[in-house]
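Chemist: Sending over a structure as structure tokens; questions will come in a sec.
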Amino acid sequence: MAVMALFASGLLLFGCSTPTHTASVARPTAKPCMDVLGLFTAPDVPALGPAETEVKPRKAPDEPAPTGLPGNGLAQHPMLYIGEGYNKMYLVNDGKIIWTYSTGSGNEYDDAWMLSNGNILFSRMQYLAEITPDKKVVWRYDCPTNTEVHCCQPIGMDKVLFVLNGLPPKLMVINIKTGAVEVEHDLPCRSLTDRKTVHPQYRRVRYTAQGTYLVPALGLGTNGVVLEYDQNFNEIWRYPIRSPWAAIRLKNGNTLITDESDKLTREVNPQKQTVWELKPDDLPEEYRFINTQTCTRLDNGDTIICSRGGNGKGPQLVEVSPDKKVVWVLKDWADLGPATAVQILDDPGIPENPGESEH
């Protein structure tokens, strides 16, 4: 399907909402998510919002929480935390869970963003939603029958990018203020008729600061690939890798890719050369993650690996320095569920400005 409304009045697709705007120029080291944390603990925030559905309490871990792990446990970073396998998102600050949001049984959290105004945008497989700190739903998109969504990205305050897995899958941008579909473009897929191929098609699509779409094609068979498209959906770069679940365009121009099947995190340059790589075997045995879907590159150069673990086993988050020294290991199955993704809230950058926050 053709791209819709790519250009308007001589401006790029996103018009006056292009990724770089006055706020980011004026405050390049701003940490806006830290400024709005008080909204989540205000007296009017309900324990359970009107659109929430409680989830069953998690089974207590079989073994006690380990002591002596690197870092400061829950106090290491303020963060927004989600994971496949347990539909409760957590907001952590000063070593405590200060806010949660539950969406009942079923599948599955894959992507979440706190915006600079405190709202949270998330994907829940069958829908996308944006909620306020006091748990009001301000926008929701429900997937059509036989389709799924596993990713989302805010572009400014009024647009959301996602991939709708289906037959065929579509990359879409919706204006949440007007409801207009501003971009809709078919993506490559393994089959146009087999519904069994829908679920694994795509995960973490991202719109870059360069105005391109970075698209990890997870479910194309045994040969996955990270694709990059320009505004007209011309392919301008590709990187073959077995099962890319997520890809981030770093500020240095490199691309950080998570390969789910190989439990691998790899940074490659534009020439497709590997400049950094991390596997579980690179770490001491007691700190090794069991699996991984996404990672976060911090402003200080450290990388946080997210792991869903295995039935409460293994660490959920592992932070390593550029030379692969272990900085922090979070293994807290009593307080938190699996980790598919984490947003570190005291890292600089305005989240809705593509390319400013690496998560």
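Chemist: Given a 1.4 angstrom probe, what's the average accessible area per residue across segment 30-91, in square angstrom?
Modeler: 55 Å²
Chemist: If you don't mind, another one. Between segment 86-138 and segment 223-259, how many Å separate their Cα centres?
Modeler: What the calculation gives is 26 Å, centre to centre.
Chemist: Oh, and also: What shape does segment 302-359 take by its C-alpha gyration tensor, where a ≥ b ≥ c are the square roots of the eigenvalues and a/c under 1.5 counts as rounded, a/b above b/c as prolate, and the rest as oblate?
Modeler: oblate
Chemist: Between ASN300 and LYS313, what is the spin-label point distance in nm, taking each point 7 Å from the Cα along the Cα→C-beta axis?
Modeler: 3.2 nm
Chemist: In nm, what is the difference between 0.36 nm times the number of residues separating ASP262 and VAL225 and their Cα-Cα distance?
Modeler: 11.9 nm
Chemist: Given a Förster distance of 30 angstrom, what is the FRET efficiency for TRP139 paired with TRP237, based on the Cβ-Cβ distance and rounded to 0.05?
Modeler: In this case the efficiency is close to 0.40.
Chemist: Take a quick pass over segment 222-359 and tell me how many lysine pairs come in under 13 angstrom between Cα atoms, counting only ones 8 or more apart or on separate chains.
Modeler: Lysine pairs satisfying the spacing and distance rule in segment 222-359 number 4.
Chemist: For the chain, just list the percent of Cα-Cα distances falling in each 20 Å bin from zero outward, please.
Modeler: 31, 62, 7, 0
Chemist: Suppose R0 equals 51 Å. What FRET efficiency, 1/(1 + (r/R0)^6) with r the Cβ-Cβ distance, do GLU285 and LEU39 give to the nearest 0.05?
Modeler: That pair, GLU285 with LEU39, gives E of 0.75.
Chemist: Here's a follow-up. For segment 89-199, compute the number of Lys pairs whose alpha carbons are separated by less than 21 Å, excluding pairs fewer than 8 positions apart on the same chain.
Modeler: Final tally of qualifying lysine pairs is 8.
Chemist: Can I ask one more? What is segment 256-358 by shape, rounded, prolate or oblate, if you read a ≥ b ≥ c off the alpha carbon gyration tensor as root eigenvalues and call it rounded for a/c under 1.5, prolate for a/b larger than b/c, and oblate otherwise?
Modeler: Note, shape of segment 256-358 comes out oblate.
Chemist: Another question, then. Within segment 119-178, what whole-number % of the accessible surface is contributed by carbon and sulfur, with the 1.4 Å probe and all protein chains included in the calculation?
Modeler: Ligands and nucleic acids excluded, carbon and sulfur reach 51 percent.
Chemist: Over segment 274-359, give the accessible area per residue in Å² for a 1.4 Å probe, as an integer.
Modeler: Solvent-accessible surface per residue comes out at 33 Å².
Chemist: What distance in nm separates the two pseudo spin-label positions at THR132 and GLN210, each 7 Å out from Cα along the beta-carbon direction?
Modeler: In this crude spin-label approximation the distance works out to 4.0 nm.
Chemist: Over the alpha-carbon set of segment 213-293, work out the extent along each principal axis and list the three values in angstrom, largest first.
Modeler: The Cα atoms of segment 213-293 stretch 47, 30, 16 Å along their principal axes.
Chemist: Turning to a different aspect of this structure: Within 15 Å, Cβ to Cβ, of ALA75, how many net charges do the neighbouring residues add up to if Lys/Arg are +1 and Asp/Glu are -1?
Modeler: Once positives and negatives cancel, what remains is -3.
Chemist: I would also like to ask the following. Can you send over the carbon and sulfur percentage of the accessible area for segment 52-106, probe radius 1.4 Å, protein chains only?
Modeler: 48 percent
Chemist: Keeping all protein chains in place, calculate the accessible area per residue for segment 122-227 (probe 1.4 angstrom), answer in Å².
Modeler: The answer is 35 Å² per residue.
Chemist: Here's something else I'd like to know. Would you mind telling me the share, in percent, of accessible area of segment 179-220 contributed by carbon and sulfur at probe 1.4 angstrom?
Modeler: Using a 1.4 Å probe with all protein chains present, segment 179-220 comes out at 51 percent carbon and sulfur.
Chemist: Tell me, what is the FRET efficiency for ASN107 and ASN72 to the nearest 0.05, using R0 = 41 angstrom and their Cβ-Cβ distance as r?
Modeler: 0.80
Chemist: Further question: What accessible surface, in Å², does a 1.4 Å probe find on CYS189, ignoring ligands, DNA and RNA and rounding to the nearest 10?
Modeler: 40 Å²
Chemist: Which ³J(HN,Hα) values, rounded to whole Hz and listed in residue order, are derived for segment 133-139 from phi using the Karplus coefficients 6.51, -1.76 and 1.60 in 6.51 cos²θ - 1.76 cosθ + 1.60 with θ = phi - 60°, glycine and proline given as x?
Modeler: Rounded to whole hertz, the list is x, 8, 6, 8, 8, 9, 7.
Chemist: Residue-wise, which Karplus ³J(HN,Hα) couplings in Hz belong to segment 339-356, taking 6.51 cos²θ - 1.76 cosθ + 1.60, θ = phi - 60°, and x for glycine or proline?
Modeler: So the Karplus estimates, Gly and Pro as x, are 10, 9, 7, 9, 10, 8, 7, 9, 7, x, x, 8, x, 7, 8, x, x, 7 Hz.
Chemist: Follow-up question, since we're still on this one. As a test of the formula, what do you get for the chain when each DSSP H run with n ≥ 4 contributes -39,500 (n - 2.57) and the sum is divided by the residue count, at 222 nm and rounded to the nearest 500 deg cm²/dmol?
Modeler: The helix-only estimate for the chain comes to -500 deg cm²/dmol at 222 nm.
Chemist: With all pairs of different alpha carbon atoms counted, what Kirkwood hydrodynamic radius in Å does segment 267-307 show?
Modeler: One decimal place: 11.6 Å for the Kirkwood radius.
Chemist: Something else now. Classify segment 79-133 as rounded, prolate or oblate from the Cα gyration tensor: take a ≥ b ≥ c as the square roots of its eigenvalues, call it rounded if a/c is under 1.5, otherwise prolate when a/b beats b/c and oblate if not.
Modeler: Cα axes put segment 79-133 in the oblate bin.
The values are calculated or read from the model by the stated rules, or taken from the named source; none is laboratory data. In this text the structure is predicted, and so the values were computed from the model without any measurement. Cβ atoms come from the backbone with ideal geometry, glycine included; neighbour counts cover every protein chain shown. These accessible areas exclude ligands, DNA and RNA; they are computed on the full protein's heavy atoms, side chains included. Shrake-Rupley method; radii C 1.70, N 1.55, O 1.52, S 1.80 Å.
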